[in-house]
Amino acid sequence: PVELAPMAGVTNASFRRLCREMAEAALPESLRPSHPGPLPTPDGGLLAPAGLYVTEMVTTRALVERNERTLAMVRTDPAERVRSIQLYGVDPATVGAAVRILVEEDLADHIDLNFGCPVPKVTRKGGGAALPWKRDLLAAILTEAVRASEAAVRAVGRARQVPVTMKMRLGIDEEHETFL
């Protein structure tokens, strides 16, 4: 797979729209979606026939503090089949609070936690690709994110779960492999 990235904070929604439209145009007519929005599958899941398009990395603290720029980043295009939000955070309680906002306010169908950012300003603070090095903290963040998603789904009576996945690298560097 090819990973392309938009200009941070500038082209997020429009970049995902272009990717989706180009991918859908490449599909045979019989597989092209007939309407916007999630397509349900017989087992209660969601179908994204032309791919999954994840937002740029959203900081959980800014989301919980209701920062306007951050709130704009989580607003997806109405035609997105599966609204997938990528979160970054290092505090389990804050990550959980951000997940609850996304689920309770019906802003996401999928949440992806980013533990893969290799940028020194992120890893220096123990986040991104450095976070899996701290196994207990990583486990606490994942546990809280999943727990918050499940609790929010129950609280608002959503028909479908909001899955939580994580993105990570092999490690911080060759001396600090964390993937195992």
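The values are calculated or read from the model by the stated rules, or taken from the named source; none is laboratory data. Predicted model, so just to flag it, every value in this text is computed and none were measured. All Cβ positions, even for glycine, are placed from backbone atoms using ideal geometry, and neighbour counts span all protein chains on display. Ligands, DNA and RNA are stripped out before the accessible areas are found, and what is left, the full protein with its side chains, is counted by its heavy atoms. Shrake-Rupley method; radii C 1.70, N 1.55, O 1.52, S 1.80 Å.
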Being exposed (fewer than 14 other Cβ atoms within 10 Å of the Cβ) and touching a residue at least 12 places away in the same chain (Cβ under 8 Å), is that true of even one residue in the stretch 128-141? no
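The rows are residues; the columns are (1) open to solvent by 20 Å² or more (accessible area, probe 1.4 Å); (2) outside any loop (DSSP other than H, G, I, E, B).
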| site | (1), (2) |
| --- | --- |
| Leu63 | no, yes |
| Arg69 | yes, yes |
| Ala72 | yes, yes |
| Pro78 | yes, no |
| Leu87 | no, yes |
| Ala93 | yes, yes |
| Gly96 | no, yes |
| Arg100 | yes, yes |
| Leu107 | yes, no |
Residue, modelled with the lowest pLDDT, within the stretch 36-55, restricted to residues that are assigned to a strand (DSSP E or B) and crowded, with 17+ Cβ neighbours inside 10 Å: Leu46
Can you tell me which residue is nearest to Val122 (Cα to Cα) among those in the stretch 144-172 that are of a type in the set (S, T, N, Q) and in contact with an Asp or Glu (Cβ under 9 Å, 6 or more places away or on another chain)? Thr165
Scan the stretch 54-98 for residues that are hydrophobic (A, V, I, L, M, F, W, C), closer than 15 Å to Ala108 by Cβ and touching a residue at least 60 places away in the same chain (Cβ under 8 Å) and report the count. 2
Name the single residue, out of those in the stretch 112-127 being open to solvent by less than 40 Å² (accessible area, probe 1.4 Å) and in a helix (DSSP H, G or I), that is nearest to Gly89 (Cα to Cα). Val122
Output the residue which, of all residues in the stretch 56-66 that are modelled with pLDDT of 95 or more and not basic (Lys, Arg), is farthest from Cys117 (Cα to Cα). Glu65
Within the stretch 150-180, track down each residue that is assigned to a strand (DSSP E or B) and either free of Cβ contacts under 8 Å to residues at least 12 places away in the same chain or touching a Lys or Arg at 6+ places or on another chain (Cβ under 7 Å) (or both). Asp173, Glu177
